[in-house]
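Notes follow the structure.
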């Protein structure tokens, strides 16, 4: 089975402000075949620094994430959760998301078949690229 690039992100919600506002955009990415969600875990750190995993049905703001098509789970480990919550402030929450870039499978396969070796890849943060793109558009 061909596999596309796999990425992850950790998104913090200061003050435990989970809501479902990002769920529809994530569902759209899955339904369009752009990505495949491999795992999604929500965690919270209480005032004493205790970490808990929050299930979709345990928080009103997370119910929209249950609409994501596919089998999700098993990729994110306890060590990953420890990493995600290490610097998370007390009374905060986070989502840990692992996905496959399905859109990139043909390109990744072509690279593998050509003998290419990935040397480095990174995502450029929005706050760095946005000013550059704005300057280029106004030139």
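The values are calculated or read from the model by the stated rules, or taken from the named source; none is laboratory data. What you see is a predicted model, and the numbers here were worked out from it, not measured in a lab. Glycine also receives a Cβ, built like all others from the backbone with ideal geometry; neighbour counts cover every protein chain displayed.
What the table below lists for this structure:
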item: Matching option when the condition is touching a residue at least 24 places away in the same chain (Cβ under 8 Å), at negative phi, out of contact with any helix residue (DSSP H, G or I) (no Cβ under 7 Å at 6 or more places or on another chain) and part of a strand (DSSP E or B), among 95, 84; result: 95
item: Pairs, first touching a residue at least 40 places away in the same chain (Cβ under 8 Å) and at negative phi in region 115-136, second assigned to a loop (DSSP other than H, G, I, E, B) and surrounded by 10 or more Cβ atoms within 10 Å (Cβ to Cβ), C-beta under 8 Å, six or more apart; result: 121/5
item: Count of region 114-126 residues which are at pLDDT 95 or above and part of a helix (DSSP H, G or I); result: 1
item: Condition check for residue 70: surrounded by fewer than 16 Cβ atoms within 10 Å (Cβ to Cβ) and at pLDDT 95 or above; result: no
item: Count - residues of region 28-45 that are at positive phi and in a strand (DSSP E or B); result: 0
item: Candidate set from region 13-27 (those that are touching a strand residue (DSSP E or B) at 6+ places or on another chain (Cβ under 9 Å) and not in a loop (DSSP other than H, G, I, E, B)); member that is surrounded by the fewest Cβ atoms within 10 Å (Cβ to Cβ); result: 14
item: Residue within region 1-11 that is in contact with a helix residue (DSSP H, G or I) (Cβ under 9 Å, 6 or more places away or on another chain) and loosely packed, with under 12 Cβ neighbours inside 10 Å present; result: yes
item: Matching entry among 10, 3 (being part of a strand (DSSP E or B) and touching a strand residue (DSSP E or B) at 6+ places or on another chain (Cβ under 8 Å)); result: 10
item: Leading residue by the ranking (modelled with the highest pLDDT) among those in region 46-67 that are in a helix (DSSP H, G or I) and in contact with a helix residue (DSSP H, G or I) (Cβ under 8 Å, 6 or more places away or on another chain); result: 65
item: Some residue of region 31-45 being more than 24 Å from residue 123 (Cβ to Cβ) and in contact (Cβ under 8 Å) with a residue 12 or more places away in the chain; result: yes
item: From the options 30, 41, 37, residue that is in contact with a strand residue (DSSP E or B) (Cβ under 9 Å, 6 or more places away or on another chain), surrounded by 11 or more Cβ atoms within 10 Å (Cβ to Cβ) and over 19 Å from residue 1 (Cα atoms); result: 41
